[in-house]
Structure formats: C-alpha cells, structure tokens
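Heads up, the thing below is written out as structure tokens.
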Amino acid sequence: MLIEQIHDPADLKQLNPRQLKQLAQELRDEIIKVVSDRGGHLASNLGVVELTIALHCVFDLPEDKLVMDVGHQSYAHKLLTGRWELFKRLRQQGGASGFPQMDESEYDAFTAGHASTAISAALGMARTRDIMRGDYSVVALVGDGALTGGMCYEALNDAGQSGTRMIVILNDNDMSIAHNVGAVSRYLTRLRQSKGYLAMKHGVRSRLENMPRIGRPVYRFLVRCRDWVRSLFVADKFFDALGFKYIGPVDGHDIKQLIRVLRRAKNDDKPLLIHVVTQKGKGYTPAEDHPDTFHGVAPFYIESGESKGEERVSSGEVAARQLIELAENDIRICAITAAMPSGTGVDAFQQAYPDRFFDVGIAEEHAVTMAAGMASQGMKPYVAIYSTFLQRAYDQIAMDVCRNSLPVTFLIDRAGLVGPDGATHQGVFDLSYLRSIPNMIVAAPRDVRDLKKLICLSQDVNAPMAIRYPRTCEDLGPGIQSQRDIRVGEWELLSSGKDVMILAVGRMVQCAMQSTIELMGKGISAGVVDARFVAPMDEAMLIDTAGRAKLIVTAEENALAGGFGEGVLEILARSGIHTPVMTLGVPDRFIEHATIAQQQAACGLDSYGITRRIIEKLRELSEAGR
C-alpha cells in the first residue's frame, strides 16, 4: 500500500498523478475503517482528501503553515504527517485527537475546535512572518459554513485592506453540519452554478482536449487566463471588494488541477482566496447521500452505515419535544440555534413550527442578541447551543440579555464532560461564566424527568434562564421524583446523612447517590441534596444542611474555579458557618479526549473517586481533631 510508504509529506512529492489518485482512495478507506470503529467526523473528512494531498504536495510543512478551521477536515492531514499509529486510536485515550492540536504534532500549526477562527490565526502568523523577515507561506483552510460566522469577515477585511500575503482556501461543500443558511450561502451557490461560466468551462475543456496537437497547449493557456474569463461570466466581486484576489471555482477532487492552482497561488504576493468545490462524504455512498447524518458519527457498520451501538434518546430531543408541547398553546415560544438544529435536537421544533424556528448559522453572538431583541417585544425565545460554543457569546449574554433582564431561555446542550471530542468541546465552564452574571437563573436537571419540569418552569419565568444538561440524561425513575412543583432557587433533599452531605449538580446526582451506598458499607452516614439551581442558590437549605453535617461535599461537572463549590464556600463564609467543605469538580487543566467514564475517573468525579476522597477527608479531619 502506498499509504504505508508515506512517513512525512515530503514523500508525496515523489509520487506521480496515478499514484496520488491511488493514495486518495487508500486514505478514504483508512478513514472509513477507523471512524467506523472509533466514531468521529466522517463526511467532511472524506470530502477533502484530494485537497489535503495537493496541499502537502505544493507546500513545505511544517515550515509553511496550514491552519484548519474547526478541524473537521484534519484526518487525511494526520495520516500524511506521521500519525498512522495514533490515528488507529482516534479520539481514544492516548490516541490522536479528532482536531488539530499543536502539542500533538509540529504539522498542526494551530489548535482548533471552534469555527471561524482560522483566517484570524493565519493572518497573525503571516504578520509575524513579515515582521521577522520570514519567507514561508501561510494557508487558512475554511469551510463554507464557517463563513456564516462574523469573525471570518473581520479577518478578511483586515487582511485584504492591509494586503498581507496569505492564502485562504474556501472548501465549499454546500454544508457545514446542517445545510448552510444565509446570503453568503446563496452567493456561493451562484458562483458554483453560474451557467455561463460553468458551461463555457466544461465545454471548452472537453473540445480542446479532443483536438490533436494544439488542443492541450491552448487549454493550458486558457487555464492561465481563468480569472479573467471567470470575470466575464460571474459578475459578483464580493471577495475582490474585501481585498482578496478570487480564484475559482476549482474542482476539489481533481488533484492535478489543485496542484496547478496552488503552485500559482504560492508564488503570488497578494492575499488570495481559492474557492474549491468538494462533495461532502465523497467515496462512501451512505455519507454522500446523508452528509448531515454522517457529519459526526458513533461507531457504525461500513456495509450498511448503521450504528453499532444502541441509539439513546438525546437530552436535546427530550427538551425539544417538551418545547413543542408548550408552543402549541403559546405563540410567544420560538427556537433559535446556531447551525446545530439536529445536534441540539431542535430540528423537531423546526418541523412542528417552521415559522417560529431560526437557524442563524455559525453566529452564536448574533443568535443571542437576536433572541434579546425578540424577547424585548414579547416573544419567549429558547436558544439551543452547545455549552462550549455558548462561550463565544458571553458579552451578548451579559450585556444584551441579562443587563436588560429579558426572558431568554438558554438550552445548553453537551454540558459537562463530553468524551471523545476532547479539550475544545468540554462544557465545563458554563456554571462559572453564567452564575457570575446578575439576573441570570442557572439550573441543571438530574435526569430527563427533571429536564422536562425545568422547561415547563421556564415558560413562566420572566427573567434570563439557563438550563444546562449533558448529551444524554438518565431516567432515575419515579422513586426519587418529588411531588412538589419546582420553584426557582429551591434545592431538593434526596436523602439525609449524619456524617456527610453531598450537594450535587446535574449528572453528579447519580454518582453522589451511588457514593452514599458505598460509604454506607464503610460505616459512614451520607446524604444527597440535588442542588439543581446554581443561581440563585438555596441559601436556607445550605445553611441548615451545613449546621447538621460533619462535612459538606460539593460535586459538579464544571471547572472548580468560579463554579458551584466556590459559591457554596462564599455563602458559608458570609454566614459565619465553619463546617468543613470539600469541593469536587474539574481541575484547573484542559481535559483531553477519552470516554466520559475515563474523564470522570481522572477528575475524581465517578462514584469511586467521590467515595475515596470523602473517606480521606474524614480521616484527615479526625486526625486534626485529636
């Protein structure tokens, strides 16, 4: 196999066109094989195989810099840069990350995980090169979905007006995760489908290549004139207006053409944008037919494309169904998402109430402020965004929603530890950054039944509210369900303990309950409080609980810095209560990819870890009191 002979990108430069085509097929086969076993981002990676090969043939990495936006297109790059063995354990503990990581390889020029950042990072590198009198090339590879994010235009405008030498490659597959939305998507469609340009391009090529002797030289001459020819048929000059020389559209699966275009671009001294058209899921029929379904996948059977694991109902789907039920009799309710309708589950709301559903693209800041505008005029907007992506809209949450105390409800999916997606996607900062903002109600359900109750409660809350939950929530059963209605700021006592009381948030409730059983076997009496509201906190229950226990333990799948535990310490200190408190949460480091169970164990947040640390703390307190 050719792929086994590639130890670094320099080896590609020795291959002829036929071998490069063979290599593309081998890369696809390996990506499909590994992702079917490990899960990951499939369709987007299959679409950029030829483009990745061409980039490594033309540019001299790592001296030249390749910055990938998001990183959903990094798998072929990893395989071509000496990470063959690591890739076999993709997204597993100790294996390759699903995204570019600077500390994983010198070939990864920038760590990525969130969209719309590549052009800004690449511009920073290009300016550093110029200051230091360097001579390397800088390439930013972005998807068309990323161009729905405003940060791209800030960077394009800056780079274009300054004339900084850099190359932006627009990988246009007409999709990000869901179908792209907005004016930019329509503009790219016009470029792709301009009848005059494309008919001329394909017609001239086919005729000239069939003409003996003179056909190919004439065609090569026309290729060199392509930008001028294109301008006759494509009137729009959007990227030119931003200061970028536009080249394209280019067939993203034609390696020879890609290499030719990239070599020309490498020698240009102006900012360039190369528009490459690819097919998402290329080479694997199920992914070609359903690119949205095969964007991010769990392990699956290659032959059928069916998932290997048992399908679990997502928390987002549960939330959406409850929202649909409420919306039937409340015209104020609408749903907003940022390019993640299926990921957050609100595509079901879209089907039920299309006129009250808004997908704004990869533009979280805009989504939040738009929701504030709607709420100011009497609507009841629900904004469904992953925890890690909501961080991008912190200012809008604080200034546009909370400063005006507007009734926007945030449905925060993928909260807590997320498993194989790793450090860039961990939802472990939301409790810290949300509870610090005035007027914000922050809640975390312990299971799906609690999630439904909190969404029902939110309908009548006339204030900003955030409900954070993991990708899937357990159903802890009717046995521990309260018969009382949930009230804002009230916690719930699930069991009492004379020695220890564990104040648990969200998914940690289940781990805490298991820990009390383990502690019972050690002769330690422990109880659990479901601290479902992190803001405002139930100060009355906290003070009462602290007065009757020898040790208070807080447990949260959130960063310890600024989190729930620190809030508990603050209240007790202010109240003059000196009951010992032990805070359990995510330590002060980024948590890398592994299973959720492995991540919980590493953070001491599984039941075994909670039990062990409680026993150690009680022993420490006992020895100190002698």
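Read-outs throughout are calculated quantities, based only on the coordinates presented, and are distinct from any laboratory measurement. All figures in this text were calculated on a predicted structure; none of them were measured in a lab. Positions of Cβ are backbone-derived with ideal geometry, glycine not excepted, and every protein chain shown enters the neighbour counts.
A few notes on this one:
- Under 5 Å, built H, 5+ apart or other chain: amide partners of ALA109: LEU66
- One chain, two ends: SER307 and LEU493. Fully extended at 0.36 nm per residue, the span grows by 63.0 nm beyond their Cα-Cα distance.
- In this simple spin-label approximation, ASP330 and ARG548 carry label points 7 Å from Cα along the Cα→Cβ vector, and these lie 3.4 nm apart.
- Computed from label points 7 Å out along Cα-Cβ, the spacing between ARG589 and GLN481 is 4.1 nm.
- Cleavage-rule hits (GluC sites (Glu not before Pro)) in the range 1-90: DSSP loop, at most 14 neighbouring Cβ within 10 angstrom: GLU63
- Taking Cα atoms only, the orientation of helix 315-327 departs from the longest principal axis of the chain by about 80 degrees.
- The trypsin sites (Lys or Arg not before Pro) found in the range 458-560 that occupy coil by DSSP, while having at most 15 further C-beta atoms within 10 Å, are ARG484, ARG487, LYS498, LYS522, ARG548.
- The distance linking the range 505-581 with the range 296-327 is 33 Å (Cα centroid to Cα centroid, whole angstrom).
- For CYS334, distant residues with modelled amide H under 5 Å away: LYS380, TYR382
- C-alpha long axis of helix 255-266 to longest principal axis of the chain, angle in °: 90 degrees
- Whole-Å distance, taken between Cα centres, linking the range 612-626 and the range 139-157: 54 Å
- For the range 588-598, Karplus couplings with θ = phi - 60° (6.51, -1.76, 1.60), whole Hz, Gly/Pro x: 7, 7, 7, 8, 7, 5, 5, 6, 4, 4, 5
- Folded to 0 to 90 degrees: helix 508-520 orientation relative to the chain principal axis, Cα: 50 degrees
- Here the 3J(HN,Hα) profile of the range 35-50, calculated from phi with Karplus coefficients 6.51, -1.76 and 1.60 at θ = phi - 60°, is 5, 5, 8, 10, x, x, 9, 9, 4, 5, 5, 5, x, 10, 4, 5 Hz, Gly and Pro shown as x.
- For the residue pairs LYS65/LYS270; LYS65/LYS282; LYS33/LYS308; LYS522/LYS617, the C-alpha atoms sit more than 24 angstrom apart in LYS65/LYS282.
- Residues in the range 438-454 that a label on VAL461 would reach, taking backbone N under 14 Å of a point 7 Å out along Cα→Cβ: 438-446, 450-454
- The chain: relative contact order in percent, alpha carbon pairs under 8 Å with at least 6 residues between: 11 percent
- A Förster radius of 22 Å combined with the Cβ-Cβ distance from GLU4 to TYR136 puts the calculated FRET efficiency at roughly 0.15.
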